[in-house]
Amino acid sequence: MEPFADLAFAETGRFRAFEVVAPGFAGCWPDAAAAPFAGIEAPPVSGRTGVGRAVADWDLESGTVVLRVGGRRPRRRRFDPAGVTTLGFALCERQATALVRRADGWLPLVTLRDPQLPADELSWTAPPGSVTGPFGMAGRRDPHLVQHADGTAYVEDGRVFMTWTCAGLGFFAQAHWGVFALDPERPGEMEQVAQVYGRRDGRVVGDHAGQLVRDGDRWLVMVSSWGDFPESGVQVRHAVTDADLLHGVHVLETSLTPLPTSLATWDPCFTRTDDGWLVAYVESRSQRPFRFHPVLARTTADLPWEGLREVGAAEELTQCEGPVLVRRHDRLWLLAADAAARTYRVWDDAMRPAGTLDAPFGTNIPHPQLLESDGRWRLLTFDGSSTAGQRRRSVMGYGGHGDVVVMEEGR
């Protein structure tokens, strides 16, 4: 049986959000929770912007910015001040970036990281008229529907919720996790409503790529420990909380998830079954080069991370991630994106192949998050586009990608 053989998807829209300060969160600092992820949008005047020991000194007459971060040697960059409407400063983890905004959007100028930068210094430096708050995003990726335990979408006032990785100005550790609300009929109007960070060993990190599941009166959380990659590898972690994770800023104390593998793991998702839980994740034998594949596990315990046993693994695949559990025809199906074959693969709940999804496969590894609303299916995913194209990549390197891509069936 191929459960999605009757569906064919076509792209109906795409959009990108690049926000130095997260919309709707301006002024919600200072708070020790979010010191490693901060943004400033300042008027175009000479002076200093920054947070703690990470600062940018701007000279608009000469078109020069000097970035100073902790004990690192300062970096100086020249730029054309003509047409600049806003000066930007972003601190993502321990990496600071100076940016300018013109009519065509934000452009990073210079970036610098100090791994020893104190993460709890909250002194803001900005000229009058500045907007400050938690850093927003340079793109979005790794979508996952916020669900009830049985796999149905969590809905408030007609809107569903999704977690997205908010791409940072840097590599994986500079990203963090956001929660967004959207009307399925108007996905381009999605609104960020929450930010979720992790705390490990006394350090606040931007762990991301996971799922929030509502189970009774509690939230169950599974997430990937990308927040300090590559220094500590990557593993799935979990938490239980009664906090309102769909609104505001949260820092969760997470624990290592005892998955039935000794390999690196990420991209967890989980859904309750009649006799327990199904849990899917990615395992990886190598991160240099990256080689990874999806795994399905099962437990009869009350919590999805207790007593897990492997059901099966697609070990023959080497570039397959983004697992999503979707209920259709009264069964759960596992979908994941296979970059090598450029297709979305499907398995049943015994990890037997069950066809593919007929949908365009873009750049990067676009996770196949399906969403059913009023009897119609949509696919929300992302691609590898980076802001300001190669100019941005030449400054920031890999990691700030993610246009949101929307597809609909029968279009």
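The values are calculated or read from the model by the stated rules, or taken from the named source; none is laboratory data. Keep in mind that what you see is a predicted model, and the values were worked out from it rather than measured. All Cβ positions, glycine included, derive from the backbone under ideal geometry; neighbour counts span all protein chains shown.
Miscellaneous remarks
- Qualifying residue in segment 299-310 (condition: assigned by TED's automatic domain parsing to the domain that holds Arg214, within 21 Å of Trp226 (Cβ to Cβ), in contact with an Asp or Glu (Cβ under 9 Å, 6 or more places away or on another chain) and assigned to a strand (DSSP E or B)): no
- Condition check for Arg345: more than 19 Å from the chain's Cα centre (by Cα), assigned by TED's automatic domain parsing to the domain that holds Asp201, farther than 20 Å from Gly151 by Cβ and in a strand (DSSP E or B): no
- Filtered residue count, segment 265-275, keeping only those that are crowded, with 18+ Cβ neighbours inside 10 Å and either free of Cβ contacts under 8 Å to residues at least 40 places away in the same chain or of a type in the set (Lys, Arg) (or both): 1
- When each of Phe270, Phe292 is tested for being modelled with pLDDT of 95 or more, within 22 Å of the chain's Cα centre (by Cα) and more than 20 Å from Asp228 (Cα to Cα), the lone residue that passes is Phe270.
- Residue count for segment 238-264, restricted to those that are outside any strand (DSSP E or B), surrounded by 14 or more Cβ atoms within 10 Å (Cβ to Cβ) and out of contact with any Leu (no Cβ under 9 Å at 6 or more places or on another chain): 3.
- Residue match in segment 14-22 (condition: surrounded by fewer than 19 Cβ atoms within 10 Å (Cβ to Cβ) and more than 30 Å from Thr381 (Cβ to Cβ)): no
- Answer residue from segment 172-189, given it is outside any strand (DSSP E or B) and within 25 Å of Phe37 (Cβ to Cβ) and is nearest to the chain's Cα centre (by Cα) among those: Ala175
- Matching residues in segment 304-332 - criterion: being closer than 21 Å to Asp215 by Cβ, surrounded by 15 or more Cβ atoms within 10 Å (Cβ to Cβ), out of contact with any Leu (no Cβ under 7 Å at 6 or more places or on another chain) and of a type outside the set (Lys, Arg): Trp305, Gly307
- For segment 143-158, the criterion of being under 26 Å from Leu112 (Cα atoms), modelled with pLDDT of 95 or more and not in a strand (DSSP E or B) is met by none of the residues.
- Of the residues making up segment 219-237, those that are assigned to a strand (DSSP E or B) and out of contact with any Cys (no Cβ under 9 Å at 6 or more places or on another chain) are Trp219, Leu220, Val221, Val223, Ser224, Val236, Arg237.
- The residue of segment 180-205 that is modelled with the lowest pLDDT, among those that are among the β-branched types (Val, Ile, Thr) and buried (at least 21 other Cβ atoms within 10 Å of the Cβ), is Val204.
- Candidate set from segment 58-75 (those that are surrounded by fewer than 12 Cβ atoms within 10 Å (Cβ to Cβ) and of a type in the set (D, E, K, R)); member that is nearest to Pro118 (Cα to Cα): Arg73
- Of the strands (runs of 3 or more DSSP E) lying entirely inside segment 26-100, those containing at least 3 residues that are β-branched (Val, Ile, Thr) and at pLDDT 95 or above span 64-69.
- Members of segment 349-395 found to be assigned to a loop (DSSP other than H, G, I, E, B), within 22 Å of Phe290 (Cα to Cα) and either of a type in the set (A, V, I, L, M, F, W, C) or modelled with pLDDT under 95 (or both), listed by number: Phe361, Gly362, Thr363, Asn364, Ile365, Asp383, Gly384, Ser385
- Selected residue [closer than 24 Å to Val240 by Cβ, in a strand (DSSP E or B) and among the basic types (Lys, Arg)] from Arg272, Arg291: Arg272
- Taking the criterion of being of a type in the set (A, V, I, L, M) and either surrounded by fewer than 24 Cβ atoms within 10 Å (Cβ to Cβ) or over 15 Å from Val179 (Cα atoms) (or both), the residues of segment 125-137 that qualify are Ala126, Val131.
- Selection of segment 82-124 for residues being on the phi > 0 side of the Ramachandran plot and either of a type in the set (A, V, I, L, M) or surrounded by fewer than 16 Cβ atoms within 10 Å (Cβ to Cβ) (or both) yields Gly83, Gly105.
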